[in-house]
Amino acid sequence: MRLSISKNVHLVESGDFEATEHWYPRVLNSNIHPLVSYFLNLSHQQMVERYQRLHPSCNPQAILKVLTYQPTYFRWAGTDLMHVTNHEGNRKLAVIETNSCPSGQKSMPLLDLNVEQGGYKRLIEKTFKPMVDAQNMEGSLAVIYDKNPMENVGYAATIADVFGENVYLAKFDKADTNPPVHFKEGIMHIRNHREEWTPIRAAFRYVTQEPWTRLPQKTKTLILNPIEACLAGGRNKEVASGAYDHFNNEFKEEGISIFTPKTFTNVPYHELKKYFDIMGGNMVIKVPDSNAGQGVYTVVSEKELAFALSQIDPKDTYLIQQLIHSNYNKGLDPTQAWYHVGTIPDNKGRSYAFDLRLMMHATEEGIRPLAVYSRRSGYPLNQPLPQDMNSWEVYGTNLSIKGDDGWTYADERLMLFDIRNFGQLGLGVDELIKGFVQSAMAVYAIDQNAIRTFGNK
C-alpha cells in the first residue's frame, strides 16, 4: 500500500509492485513474439555482423563503437522510427525523434515470464542501480514525474524492491505553485509528512513537460536522465537535428549515418508559407521542444497550413520536415520522396501508417534494447482522405491525448510486439536490428553533443 505522506508525495515500499497496475490490461495477457524475443537477446557482435551483411560498405568497427558506447548523460532513451520505402523499393527505418525519459514499459510483453517486473527491473538493475552504487552520497531515493503514473509507480516499486528501502514518489508539475520538490546547493529535496525537506541521493526522473523550468544543471543528486540530456537534444528536436548532422559528418567515411526525413531548422514563422511551396505543398511543422504528439502539424493543403499557423506562436522558430507520403505518386521527386510501408492490409484491405518506439538503456556492455512497440494511425493510408478530415488522422501515430483534466491514451491503436499483433507490421529481425542501430547512433549523437556542451562529467 502506497502511503500518502504530503501533497503529491507518496511513500512506496518494497513489495508494493502490482503487475495489474503497471501494464495495459491486454498486455498482461499477451505473449512476446518469438522473433522479438530473439532480437532482444542478440549480442552486439551478432548485430554488427548482420548489419554489415545488410550494408556491405559500412565499417563494422564503427558500428561496434556505437553499440558499446557508454553514455555520460543520456543513459535511457526512446527513439521513434518509421518504416519507409522509396521509388525503387529501398526500405529504411527513419529516425523521427529521440526522447529522454521515454514511456513504453506498459506496452511491452514480458521477455521472461518468471520476472514479474519485466523491463522495469532490467532498467533499474542494469542502469540505475550501478550508477547509484558508484556514488558516495547520503539521502533517500525518489521517483519524480509529471505524467504517466502507470509506469512511474511501477518504477518506484521496483526501486524499493531492488534497493530494499522506501522510495519517495513525487509528482512535480510545471503548474504547481508549491511543488513538493526543490533543489538546494545542487541537492534535490522532497517534502515529507512533517513538512520537512528530505535530501535525495538519487532520483529516477520522468519529468517531460519543459523539464528545464524545474530541474537545474549539474546537480549533486544523481538523476536518470539529467537535464543536460534534454537540452542536448533529448527534448529538443532542433538541437537533436544538429547533433545528427554532426554525427553524420564524423562518421561519413565509415559508411554509417543517421537517416531522417529532410529537415530544416530555425525556420521563422513568416517563412513557413515559403517552405510549404518549396516542399511541393506538403510538410510537417514541429515545435522544437514539444513532445507526446503535441506541437506537430502535418500540412497537405492551404487550409491545413492556415490552421497550423493559427495554433503556433508567430514569435518562435520551427523545425520543418519532409512529409513521408501515404501513397506512391509519379509527380514526386524520385530522388527525395519516401513513403510509408504501412501495416499488412487487414481483411478490408486497409493499411495504416505506424511507428516503432524503441527504448534502450546503458548497461555495462553498452547500449542495449529494452522495450519495443508500435502505434498506428487512425485512418488508412490507402483510402482517399475525406474532405473534412485532417491529414493527422492518416499520418499521426502518437497515442497521447491531452485533455482539460490531464492525459489519456488511445491505446486501441497500440500494436504490441506479441504473437497476435507483430505479424501485422510486416517487420522481421533485420528491420529490428536496423532500427536499433539507428536508435543507438541517435543516442550516441545526442550524448556526444551533451559532452561538447556541458563537459564530460
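Considering each residue of region 43-61 in turn, none proves to be assigned to a loop (DSSP other than H, G, I, E, B) and closer than 16 Å to Met359 by Cβ. Six or more apart or on different chains, Cβ under 6 Å: which pairs go from a residue in region 188-199 that's part of a loop (DSSP other than H, G, I, E, B) to one that's surrounded by 16 or more Cβ atoms within 10 Å (Cβ to Cβ)? Could you list them? From residues that are part of a loop (DSSP other than H, G, I, E, B), the pairs are Asn192/Ile5; Asn192/Thr198; His193/Ile5; His193/Ser6. When region 79-103 is filtered for residues that are touching a Gly at 6+ places or on another chain (Cβ under 6 Å) and within 24 Å of Leu28 (Cβ to Cβ), only Pro102 remains. From the residues in region 1-15 that are within 27 Å of the chain's Cα centre (by Cα) and closer than 15 Å to Asn166 by Cα, which one is surrounded by the most Cβ atoms within 10 Å (Cβ to Cβ)? If we take residues in region 1-15 being within 27 Å of the chain's Cα centre (by Cα) and closer than 15 Å to Asn166 by Cα, then Val12 is surrounded by the most Cβ atoms within 10 Å (Cβ to Cβ).
For residues that are under 22 Å from Lys129 (Cα atoms) and among the charged types (D, E, K, R), scanning just region 201-211, find the one that is surrounded by the fewest Cβ atoms within 10 Å (Cβ to Cβ). Among them, the one singled out is Arg201. Pick from region 272-329 the residues that are under 13 Å from Trp392 (Cβ atoms) and polar (S, T, N, Q): which of them is nearest to the chain's Cα centre (by Cα)? Here the answer is Gln294.
State all residues of region 16-34 that are assigned to a loop (DSSP other than H, G, I, E, B), surrounded by fewer than 19 Cβ atoms within 10 Å (Cβ to Cβ) and under 24 Å from the mean Cα position of the chain (by Cα); if no residue qualifies, say none. Steps first, please.
Within region 16-34, the first condition is being assigned to a loop (DSSP other than H, G, I, E, B), and the residues that meet it are 16-18, 23-24, 29-31, 33.
Now drop any that are not surrounded by fewer than 19 Cβ atoms within 10 Å (Cβ to Cβ), which leaves 18, 24, 29, 31.
Of everything in region 16-34, those that are assigned to a loop (DSSP other than H, G, I, E, B), surrounded by fewer than 19 Cβ atoms within 10 Å (Cβ to Cβ) and under 24 Å from the mean Cα position of the chain (by Cα) turn out to be Tyr24, Asn31.
Can you tell me which residues in region 107-116 are assigned to a helix (DSSP H, G or I) and either surrounded by fewer than 17 Cβ atoms within 10 Å (Cβ to Cβ) or in contact with a Cys (Cβ under 7 Å, 6 or more places away or on another chain) (or both)? Quick ask: steps written out before the conclusion?
To start, the set of residues in region 107-116 that are assigned to a helix (DSSP H, G or I) comprises 107.
Within region 107-116, no residue meets the criteria.
From the residues in region 117-152 that are without any contact (Cβ under 8 Å) to a residue 40 or more places away in the chain and acidic (Asp, Glu), which one is surrounded by the most Cβ atoms within 10 Å (Cβ to Cβ)? Across region 117-152, the extreme among qualifying residues is Glu125. Candidates Asp245, Asp173: the one that is among the acidic types (Asp, Glu) and within 26 Å of Val284 (Cα to Cα) is Asp245.
If you filter region 422-444 down to residues that are over 15 Å from Met47 (Cβ atoms) and of a type in the set (Gly, Ala, Ser), you find that the one that is surrounded by the fewest Cβ atoms within 10 Å (Cβ to Cβ) is Gly423. Applying a threshold of 6 Å to beta carbon distances and a minimum spacing of six or more residues, or different chains, the list of pairs starting in region 378-392 at a residue that is on the phi < 0 side of the Ramachandran plot and assigned to a loop (DSSP other than H, G, I, E, B) and ending at one that is surrounded by fewer than 20 Cβ atoms within 10 Å (Cβ to Cβ) and of a type outside the set (Gly, Ala, Ser) reads Gly378/Glu393; Tyr379/Glu393; Pro380/Arg350. Considering only region 318-349, state which residues are surrounded by fewer than 16 Cβ atoms within 10 Å (Cβ to Cβ) and either assigned to a strand (DSSP E or B) or small (Gly, Ala, Ser) (or both). Selection gives Gly331, Gly349. With the structure loaded, tell me whether Asp277 is under 29 Å from Ala308 (Cα atoms), open to solvent by 50 Å² or more (accessible area, probe 1.4 Å) and either part of a loop (DSSP other than H, G, I, E, B) or at pLDDT below 95 (or both) or whether it fails that test. The answer is yes for Asp277. Selection within region 167-188: residues that are open to solvent by less than 30 Å² (accessible area, probe 1.4 Å) and within 15 Å of Ile223 (Cα to Cα). The member of this set that is nearest to the chain's Cα centre (by Cα) is Phe172.
Among the listed residues Val296, Val267, Val239, identify the single one that is over 21 Å from Leu141 (Cα atoms) and in contact with a Gly (Cβ under 6 Å, 6 or more places away or on another chain). Outline the logic, then answer.
Details: Val296 fails: in contact with a Gly (Cβ under 6 Å, 6 or more places away or on another chain); Val267 fails: in contact with a Gly (Cβ under 6 Å, 6 or more places away or on another chain).
Exactly one residue qualifies, and that residue is Val239.
A Cβ distance below 7 Å, combined with a sequence gap of six or more or placement on separate chains, defines the contacts here; from region 331-360, residues that are of a type in the set (Asp, Glu) reach residues that are surrounded by 12 or more Cβ atoms within 10 Å (Cβ to Cβ) in the pairs Asp355/Asp80; Asp355/Leu81; Asp355/Met82; Asp355/Ile96; Asp355/Ser374; Asp355/Arg375; Asp355/Thr397.
Take region 212-247 and flag every residue that is free of Cβ contacts under 8 Å to residues at least 60 places away in the same chain, out of contact with any Asp or Glu (no Cβ under 8 Å at 6 or more places or on another chain) and open to solvent by less than 40 Å² (accessible area, probe 1.4 Å). So that I can check it myself, show each step before the final result.
In the first step, residues of region 212-247 are kept if they are free of Cβ contacts under 8 Å to residues at least 60 places away in the same chain; the result is 212-216, 219, 223, 227, 236, 245.
Okay, now just the ones that are also out of contact with any Asp or Glu (no Cβ under 8 Å at 6 or more places or on another chain), so 212-216, 219, 223, 227, 245.
Correct list: Arg214, Leu215, Thr219, Ile223, Ile227.
Condition test on Thr72, is it closer than 24 Å to Thr363 by Cα, open to solvent by 40 Å² or more (accessible area, probe 1.4 Å) and under 24 Å from the mean Cα position of the chain (by Cα)? In short, yes. Would you tally the residues in region 103-116 being without any contact (Cβ under 8 Å) to a residue 40 or more places away in the chain and touching a helix residue (DSSP H, G or I) at 6+ places or on another chain (Cβ under 9 Å)? Here the count works out to 2.
The values are calculated or read from the model by the stated rules, or taken from the named source; none is laboratory data. The shown structure was predicted, so the numbers you read here are calculated from the model rather than taken from an experiment. Every residue, glycine among them, receives a Cβ derived from its backbone with ideal geometry; neighbour counts consider all protein chains shown. Protein only, heavy atoms only, side chains kept; ligands, DNA and RNA dropped before computing areas. Shrake-Rupley method; radii C 1.70, N 1.55, O 1.52, S 1.80 Å.
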